[in-house]
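K.L.:
This is the structure, below, for whatever I ask next.
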Protein chains: 2
Amino acid sequence: MPDKPAGESTLSSVKNSLRILNSFTNEEPEKRVIDLANELQLGKSTVSRLLSTLASEGFVTKDPETQKYRLGLRILTLNSIVIANLEVNKEARPILRNLVNETGEAAHIAVLENQEVVYTEQIECSHPVRILSYVGRRNPVHCTSSGKLLYAFLDRVAIVKLLQQELKAYTPNTITDPDILKKELMEIKQAEFCYSDCEFLQDVVSFAAPIRDYTGKVIAAISLVGPKHRILKHQHSTIKNKVIKAAKEISRNLGYMA
Amino acid sequence: MPDKPAGESTLSSVKNSLRILNSFTNEEPEKRVIDLANELQLGKSTVSRLLSTLASEGFVTKDPETQKYRLGLRILTLNSIVIANLEVNKEARPILRNLVNETGEAAHIAVLENQEVVYTEQIECSHPVRILSYVGRRNPVHCTSSGKLLYAFLDRVAIVKLLQQELKAYTPNTITDPDILKKELMEIKQAEFCYSDCEFLQDVVSFAAPIRDYTGKVIAAISLVGPKHRILKHQHSTIKNKVIKAAKEISRNLGYMA
DNA sequence: CATCGCCGTTCCTCTATATGCAACGAGCTT
DNA sequence: AAGCTCGTTGCATATAGAGGAACGGCGATG
């Protein structure tokens, strides 16, 4: 199968097993061998063997009745290790909680991975009306406050790479013009703050500020999210200040002296 | 490397990559290439390549400074899928919460995987003194209330297999005699209830009852855990009843008609 | 400041191994 | 009951992964 010139040298069977794991989603948490074979363009037997290897280590489980495979409990165990060792989160949690109490809206910690934003911590708000999210969720970068903010602090190369990609429109407000986005990224870096006005989800606004480690490097973002109709214009500056304050506090706890 | 007769046919490179993932623990969340090579008896170069493949899919991350590898954020994403699709947990959470409120002690949902108990849900108690646990934790079966309970409902073959293993003593109270354990398992099945008296952790007692799906099959256990000095003898029967009641309620929500 | 030693990565060769095909078998459907 | 779909297993072949060696980067040490 000498198809892909392979961006990096990579072990194909391992890669394929990971692709299988990655292919499960909330929408399709269960799959059959043949589904995976089609989806990933692999032979039935190959997928079958990959799955049984994955199953032998608990990464997937086979439903004994439906024969379908789903992600296994091993993931829970690995997750607890990841969570326990995310330094930022430990420091952030109480401050995040406080921010949520003060503002009444949900807050997150987010980091970049590849070209996506991953939320590593979430404190929900108490309103019955909530924006659905969860730890581990991945969102695009060009239309979320945390995404834009984190990208703003990356080097020129990374930004150019982002701008070359297609900027998919999720709402009428999504910024799809590379030049406009570039300009905004520069402003964000300057302001150390980002506001997103329904650019990803309809009627949802968000605010983000950078979290720095002791070297001053931006390692994560704190973001606050809520429905637009609940967060009125005149509250914006208060919220902005609170978010920035929280971000600074977390940074300070991580050893950043500014 | 034709060492292991290989219980089941298995893809070695995939298996090794999973062994790498599994080797990370809370105690050792970061490892170097050479550590892994020694630990898993593989060549440096092999481990290096496995790791970079794992990294390319986000399953591990390399700390750019220390060169050490740790589990990656992809795990968080997979975890959210696992969690969202654990039927039992959805039904159990509110009931668990209620149980914790009534008793003041922590409660868990547990299932079996291989020869271990895995906790899939946890509600902590509000006491400052807590038994440390977390979702994803794996405990031995022969000395925990949920482990013994779940094993009690397995078939003869599985029980025999368990009894053949060495029953490691974690405390003076741990049951290490296969015959005694066998007898107790039968009693547990009869009583649909299990009590564990400091058999795994010193000064920690726990209570467990079975959760059944609509077919009547025992698919999980509910367990309540607390420090022995706080849970007095005269409270035992009340707690037992509450735990059993909670388990029945969850089972009912899963469609089990007793 | 230079040398040494450690560790991660890359290169190369060889063989073990993962793949695809085909056949088998189990479970549903009609 | 027969026919279908789908998952697993066996087998032969080509390939891709393992291991050894060498390189290169980094930090320690004298």
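K.L.:
Run the numbers for A:Ser126 and A:Gln202: contour at 0.36 nm per residue of separation, minus the present Cα-Cα distance, in nm.
P.N.:
25.3 nm
K.L.:
Efficiency by 1/(1 + (r/R0)^6): what FRET value for A:Arg97 and A:Glu65, r their Cβ-Cβ distance, R0 = 35 Å, to the nearest 0.05?
P.N.:
That gives a FRET efficiency of 0.25.
K.L.:
For label points placed 7 Å from Cα toward Cβ, what is the shortest-first list of nm distances from A:Asp35 to its copies?
P.N.:
Between copies, matching label points for A:Asp35 lie 3.8 nm apart.
K.L.:
With Cβ to Cβ distances under 15 Å as the rule, what net charge do the other residues near A:Asn101 carry (K, R +1; D, E -1)?
P.N.:
Overall, the nearby charge balance is 0.
K.L.:
How far, in nm, would the chain grow between B:Glu87 and B:Asn26 when pulled straight, counting 0.36 nm per residue and subtracting the alpha carbon separation?
P.N.:
Stretched out fully, the B:Glu87 to B:Asn26 stretch lengthens by 19.2 nm.
K.L.:
If you put a point 7 Å past Cα along the Cβ direction, how far is that point for A:Gln164 from the same point in each other copy, in nm, smallest first?
P.N.:
5.9
K.L.:
Determine which lysines satisfy two conditions relative to A:Lys183: a Cα distance under 23 Å, and not lying fewer than 8 residues away in the same chain.
P.N.:
A:Lys148, A:Lys161, A:Lys168, A:Lys217, A:Lys240
K.L.:
Given a 10 angstrom Cα cut-off, can you work out which residue in A:His108, A:His234, A:His142 is the most mobile in a GNM of chain A?
P.N.:
Judging by the Gaussian network model, the answer is A:His234.
K.L.:
Order by neighbour count: A:Glu102, B:Glu57, fewest other Cβ atoms within 10 Å first, most last.
P.N.:
Going from least to most buried by this count: A:Glu102, B:Glu57.
K.L.:
Rounded if a/c is under 1.5, else prolate if a/b is larger than b/c, else oblate: which is region A:153-258, with a ≥ b ≥ c the root eigenvalues of its Cα gyration tensor?
P.N.:
Verdict is oblate for region A:153-258.
K.L.:
With 29 Å as the cut-off, how large is the P(r) tail for the protein assembly as shown, expressed as percent of Cα-Cα pairs?
P.N.:
That tail contains 58 percent of the Cα-Cα pairs.
K.L.:
What percent do you get for the relative contact order of chain B when only Cα pairs under 8 Å and 6+ apart count?
P.N.:
14
K.L.:
Right, something else. Around B:Thr144, under 14 Å between beta carbons, what's the net of Lys plus Arg minus Asp minus Glu among the other residues?
P.N.:
-1
K.L.:
Could you tally the net charge around B:Val88, taking each other residue with its Cβ under 9 Å from the Cβ of B:Val88, Lys/Arg +1 and Asp/Glu -1?
P.N.:
Here the charged neighbours net out to -3.
K.L.:
Further question on the same structure: Any idea what the B:Val129 label distances to the other copies are, label 7 Å down the Cα→Cβ vector, nm, shortest first?
P.N.:
4.7
K.L.:
Also: Work out the FRET efficiency for A:Ala55 and B:Met186 from their Cβ-Cβ distance, taking R0 = 41 Å, and round it to the nearest 0.05.
P.N.:
0.85
K.L.:
Smallest Cβ-to-axis distance in chain B, for the rotation taking B to A: which residue, how many Å?
P.N.:
B:Asn79, 2
K.L.:
Out of B:Phe207, A:Val60, A:Gly216, whose Cα points farthest toward the positive end of the dipole of the protein assembly as shown (charges: +1 Lys, Arg; -1 Asp, Glu; placed on Cβ)?
P.N.:
About the Cα centre, the residue reaching furthest to the positive side is B:Phe207.
K.L.:
Let me ask another. Classify region A:12-77 as rounded, prolate or oblate, taking a ≥ b ≥ c as the square roots of the eigenvalues of its Cα gyration tensor: rounded when a/c is under 1.5, otherwise prolate if a/b is larger than b/c and oblate if not.
P.N.:
Rounded.
K.L.:
Here is a follow-up. Given 0.36 nm per residue, what is the gain on full extension from A:His234 to A:Ser12 after removing their alpha carbon distance, in nm?
P.N.:
So the chain would gain 74.4 nm between A:His234 and A:Ser12.
K.L.:
Report the residue, chosen from B:Val160, B:Val82, B:Val33, that carries the largest GNM mean-square fluctuation when chain B is represented by alpha-carbon nodes joined by springs under 10 Å.
P.N.:
Between B:Val160, B:Val82, B:Val33, it is B:Val33 that shows the largest mean-square fluctuation.
K.L.:
Dimensions of region B:82-241 along principal axes (Cα, Å, largest first)?
P.N.:
Reported extents, whole Å, longest axis first: 39, 36, 26.
K.L.:
Continuing with the same structure: With a/c under 1.5 counting as rounded, go ahead and sort region A:186-234 into rounded, prolate or oblate using the C-alpha gyration tensor (a ≥ b ≥ c being the square roots of the eigenvalues; past the cut-off, prolate if a/b is larger than b/c, else oblate).
P.N.:
prolate
Bear in mind that the values in this text are calculations on the coordinates, not laboratory data. Model, not experiment: these values are computed from the prediction. As a convention, Cβ positions derive from the backbone with ideal geometry for all residues, glycine included, and neighbour counts pool all protein chains shown.
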